[in-house]
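Nothing in this text is a laboratory measurement; each read-out follows from the coordinates by a stated rule. Owing to the predicted nature of the structure, the values given are computational and were not obtained by experimental measurement. Cβ placement follows ideal geometry from the backbone for every residue including glycine, while neighbour counts extend to all protein chains displayed.
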Amino acid sequence: MELNRSNTEIIEEFKKRRTRQIMAVGPIILAFIALLSVEGNPTGIFGLPPNIVLGISFALIISVLIFSLFNWRCPACNKYLGKAINPKFCAKCGVQLS
Ligand SMILES: [Zn+2]
C-alpha cells in the first residue's frame with residue numbers, strides 16, 4: 001500500500017465527507033415527506049400539483065444518490081464506502097478513517 005497522505009489528513013477528509021453525507025439525508029427526508037403527503041391527495045401540497053411534487057421529489061432523491069456515489073468514498077483509495085454509516089476503517093484498503 002502506497003501512502004501519499006498522512007493518516008491525519010485522511011481522517012480529516014473523511015470527517016468532511018461524513019458531514020456532507022449526513023447533511024444530504026435532509027433533502028431525502030423532505031422528499032419522502034412530500035411523497036407521503038401527496039399520496040392520495042389530488043390537490044397537491046404547497047400549491048403544487050401532485051405530478052410536479054412527484055417529479056421534484058424523485059429528482060431530489062436521485063440527485064442525493066448521485067452525490068453520495070461521488071462523496072461517500074475512501075479518501076485514500078477512492079473506493080465506495082458502502083452502507084456503513086460510520087466506518088472505522090476502509091473495507092477496501094484498510095486505512096483508518098476515524
Ligand atoms: Zn480505502
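Details
- Residues being of a type outside the set (A, V, I, L, M, F, W, C) and within 8 Å of the ligand (Cβ to nearest atom) - total across region 76-98: 4
- Qualifying positions in region 44-75 - hydroxyl-bearing (Ser, Thr, Tyr) and either within 16 Å of the ligand (Cβ to nearest atom) or surrounded by 15 or more Cβ atoms within 10 Å (Cβ to Cβ) (or both): Ser57, Ser68
- Hey, Asn41 in a loop (DSSP other than H, G, I, E, B), surrounded by fewer than 12 Cβ atoms within 10 Å (Cβ to Cβ) and within 12 Å of the ligand (Cβ to nearest atom) or not: no
- Residue within region 58-69 that is in a loop (DSSP other than H, G, I, E, B), closer than 30 Å to Leu35 by Cα and in contact with a strand residue (DSSP E or B) (Cβ under 9 Å, 6 or more places away or on another chain) present: no
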